[in-house]
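Right, one structure below, let's go through it.
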Amino acid sequence: MSEKAPLKAVFFDRDGVLNLDHGYVCEPERLDWIEGARQAVATLNAAGVKVLVVTNQSGVARGYFTEAQVDLFHDALQAGLAPVGGRIDAFYVAPHHEDAVDDRYRHPDHPDRKPNPGMILRGLADWSLAPEETVLVGDKGSDVEAARRAGVEGLRFRGGDLLAFLRESLGERFPSGA
């Protein structure tokens, strides 16, 4: 079958894809949206496509911020999407790192931490999705590698306008409209 399955969900990395990566971003006041990101999410939502975020947050493991602060940042993302009719359906967070200052987060190669596919596999299971019905958009090789390991198509976003990138990369699979 040469035609691709209809798109039912898009996995997004967070920092560098939805918001500018200022390095260990967790304060809502440091939320700066990537151009076209809010419109891209809203367009996907309007078409019934799930939007799932998969994000490594080693800043938690390193003691730079807490999981509660990550949740507050995610609340700010949701609040920023609401005025344009957008929302994120689920956040998957990997707070682990081999150099963690807190033993709870220390792991040499946690299955959730990209390039491992754990967060993507959980998202597929939680939303009853087949890998071919999804894509992952990330800005690093580890994002694309995690997608590959999960059997999901990975798209490497190198900056610019996210909405334009998705329209170009996905072609007819990207919903038209808003």
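A few points about this structure:
- The relative contact order of the stretch 74-173 comes to 16 percent, based on Cα pairs under 8 Å that sit 6 or more residues apart.
- When each of the peptides 12-18, 92-98 is scored by how many other beta carbons lie within 10 Å of its residues on average, the order from highest to lowest is 12-18, 92-98.
- The stretch 66-160: translational diffusion in µm²/s, Stokes-Einstein, Kirkwood Rh over Cα pairs, 4 °C, 1.567 mPa s: 88 µm²/s
- The apolar share of the surface of the stretch 17-96, taken as the fraction of accessible area on carbon and sulfur atoms (1.4 Å probe, ligands and nucleic acids excluded), comes to 49 percent.
- For a label point 7 Å along the Cα-to-beta-carbon line of GLU3, residues of the stretch 121-143 with backbone N under 17 Å: 132-134
- Average accessible surface area per residue within the stretch 89-172, 1.4 Å rolling probe, Å²: 50 Å²
- The charge dipole of the chain, taken about its Cα centre with unit charges on the Cβ atoms of Lys, Arg (+1), Asp and Glu (-1) only, comes to about 340 debye.
- Mean-position separation - Cα centroids, the stretch 91-167 and the stretch 48-69, in angstrom: 11 Å
- With distances taken between every two different alpha-carbon atoms, the stretch 1-120 has a Kirkwood hydrodynamic radius of 15.2 Å.
- The radius of gyration of the Cα set in the stretch 1-62, together with its Dmax, comes out at 14.3, 47 angstrom.
- Relative contact order for the chain, counting Cα pairs under 8 Å that sit 6 or more residues apart, in percent: 28 percent
- FRET efficiency, 1/(1 + (r/R0)^6) with R0 30 Å, evaluated for ASP102 and GLN78 via beta carbons: 0.65
The values are calculated or read from the model by the stated rules, or taken from the named source; none is laboratory data. Values in this document were obtained by computation on a predicted structure and should not be read as measured data. For neighbour counting, all protein chains shown are included, and Cβ atoms are generated from backbone atoms with ideal geometry for every residue, glycine included. Note: accessible area is taken over every heavy atom of the protein model, side chains too, but ligands, DNA and RNA are not part of it. Shrake-Rupley method; radii C 1.70, N 1.55, O 1.52, S 1.80 Å.
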